[in-house]
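Colleague: Handing you a structure now.
The values are calculated or read from the model by the stated rules, or taken from the named source; none is laboratory data. Note that the structure is a prediction, hence the values are computed from the model and not measured. All Cβ positions, even for glycine, are placed from backbone atoms using ideal geometry, and neighbour counts span all protein chains on display.
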Amino acid sequence: MRSSNPVFSRRGFSRGTGYAGFNAPPQAGGPAANPYAGANPYATEAPQHAPQYTPQTRPMTMDDVVVRTGLTLGTVIVGATAGWLFLTGQLAFAIGAGLAATVLGFIQSFKRKPVPALILGYAALEGVFLGALSGFINDLPKMNGAPMQAVLGTMAVFVAMLVAYKTRIVRVTARFTRFVMIAALGFVLLSLVNLLFMVFGGGDGLGFRSGGLGIVFGIVGVVLGALFLAMDFKQVEDGVAYGAPREESWLAAFGLTTTLVWIYWEMLRLISILRD
């Protein structure tokens, strides 16, 4: 599994890497059908007459994912509280924390195995960044309470997508995954182009973050985050069903955390535009 942040690539599950894949047919009310016709994609075939190896780690469970996701999100909340209380007026430090979090996130995304220290470090720094910027926005005219609205909106999106996924209203297939990745890539590229125009041209750049176009762009960002949540849920479900190693629960937590951070940030931008 890999992070759900749209900036990051996903290695997902594939037979070559020993992971269950997104290429599995869509679910029909239960976990994805095993694309390997009953073979455990996590199992390795021992050579004939070779001694049997007993794995030293048990398979990942849903409880593992819940505990590690709670720990990672808790770290984000602690960092956000510190950022809100101590760095609201010091945006340079907040931006530095955000850049450091991005670096740690990219390092973890390109590693084949999870590194809990990297994941928790990312969560702490991302929390500081979000907390400081949220406090700054909250102090602006007409913006009081906007961060709390963004938190409630993020929770609502999470619950709605979880229900939609569990009831199979949303089905994660290979086509679904390709569509979301292409849409997310286009979204990120447009955001970067808009940022460049803002930096070198001044003003609102291409207008993707203000006015009517900004509202539409913000809604698209939130919807993309919701779709990435569905992909995260699929990865967790497949990991548990196919007996992924217990350590993979850290990657599941990392993916869910980066997606929720994405949704919160897009929700906060959207609320800010609507209030302005």
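Colleague: Going residue by residue through the stretch 172-183, is there one that turns out to be aliphatic (A, V, I, L, M), crowded, with 20+ Cβ neighbours inside 10 Å and in contact with a Lys or Arg (Cβ under 8 Å, 6 or more places away or on another chain)?
Modeller: For the stretch 172-183, residues aliphatic (A, V, I, L, M), crowded, with 20+ Cβ neighbours inside 10 Å and in contact with a Lys or Arg (Cβ under 8 Å, 6 or more places away or on another chain): present.
Colleague: Follow-up question, since we're still on this one. Checking Met161 against (1) farther than 18 Å from Lys234 by Cα; (2) surrounded by 16 or more Cβ atoms within 10 Å (Cβ to Cβ), only one condition comes out false. Which one?
Modeller: Checking Met161 against (1) farther than 18 Å from Lys234 by Cα; (2) surrounded by 16 or more Cβ atoms within 10 Å (Cβ to Cβ), the one that fails is (1).
Colleague: Still on this model: Is there a residue being farther than 25 Å from Ile271 by Cβ, in contact with a helix residue (DSSP H, G or I) (Cβ under 7 Å, 6 or more places away or on another chain), in a helix (DSSP H, G or I) and among the polar types (S, T, N, Q) anywhere in the stretch 162-185?
Modeller: yes
Colleague: Part of a helix (DSSP H, G or I), without any contact (Cβ under 8 Å) to a residue 24 or more places away in the chain, under 17 Å from the mean Cα position of the chain (by Cα) and closer than 30 Å to Gly145 by Cβ: does that describe Leu120?
Modeller: no
Colleague: Considering every residue within the stretch 47-60, establish whether at least one is at pLDDT below 95 and either part of a helix (DSSP H, G or I) or crowded, with 21+ Cβ neighbours inside 10 Å (or both).
Modeller: Yes: the stretch 47-60 contains one or more residues that are at pLDDT below 95 and either part of a helix (DSSP H, G or I) or crowded, with 21+ Cβ neighbours inside 10 Å (or both).
Colleague: In the stretch 53-99, which residues are hydroxyl-bearing (Ser, Thr, Tyr) and more than 26 Å from Phe136 (Cα to Cα)?
Modeller: Tyr53, Thr54, Thr57, Thr61, Thr69
Colleague: Could you please find all residues in the stretch 92-110 being surrounded by fewer than 14 Cβ atoms within 10 Å (Cβ to Cβ) and farther than 18 Å from Thr258 by Cα?
Modeller: Scanning the stretch 92-110 gives a single hit, Ala92.
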